[in-house]
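The values are calculated or read from the model by the stated rules, or taken from the named source; none is laboratory data. The structure displayed is predicted, hence computed values, not measured ones. Here the Cβ positions follow ideal geometry from the backbone for every residue, glycine too, while neighbour counts run over all protein chains shown.
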Amino acid sequence: MTDERGRLAAIDEVVQAVVARYTGGGSALAALRRSFSEMAGPGWVDARPVRIDGATLVVEVPSGSLATNLRFDAPRVVAGLVAAGLAPGVTAIRLRVARGPTEGPPDGSGGLAGEASGL
């Protein structure tokens, strides 16, 4: 990579740019994930922000029916996240259905709500 003057960029700048491009901003996304459930509300407990793509926050959900329901609430969530300073520049949420097992709930507790025990 080169800078605006055509000089080679330092390797740490290149790595930071690549990480930001493929993780949606790195630490900003991590901060957003930590606060997302609280800011979004109880209907969003199974939703997980996965990246910021330009002005769009991509959020993964476990089912298509949940995505359909949350789509109506997305403008309220965007406004709240922007007002709280957690997602500056985000103007929309794109909901996508998870393809496989998720890493656990967005709160990081590692358990599944309603999980049967002893079976």
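Odds and ends about this structure:
- Residue that is nearest to the chain's Cα centre (by Cα), among those in segment 66-85 that are outside any helix (DSSP H, G or I) and more than 17 Å from Ala30 (Cα to Cα): Asp73
- Residues in segment 53-65 that are assigned to a loop (DSSP other than H, G, I, E, B) and loosely packed, with under 14 Cβ neighbours inside 10 Å were compared, and the one that is farthest from the chain's Cα centre (by Cα) is Ser63.
- For Pro88, the criteria (1) surrounded by fewer than 18 Cβ atoms within 10 Å (Cβ to Cβ); (2) under 14 Å from the mean Cα position of the chain (by Cα); (3) at pLDDT 65 or above; (4) in a helix (DSSP H, G or I) hold in every case but one, which is (4).
- Neighbours by Cβ (under 7 Å, 6+ apart or cross-chain): first from segment 56-78, closer than 16 Å to Val97 by Cα; second part of a helix (DSSP H, G or I) and small (Gly, Ala, Ser): Val61/Ala67; Leu70/Gly43
- Check on Val50, in a loop (DSSP other than H, G, I, E, B), within 12 Å of the chain's Cα centre (by Cα), at pLDDT 70 or above and surrounded by 13 or more Cβ atoms within 10 Å (Cβ to Cβ): no
- Residues within segment 75-85 that are surrounded by fewer than 18 Cβ atoms within 10 Å (Cβ to Cβ) and either in contact with a strand residue (DSSP E or B) (Cβ under 8 Å, 6 or more places away or on another chain) or hydrophobic (A, V, I, L, M, F, W, C) (or both), tallied: 4
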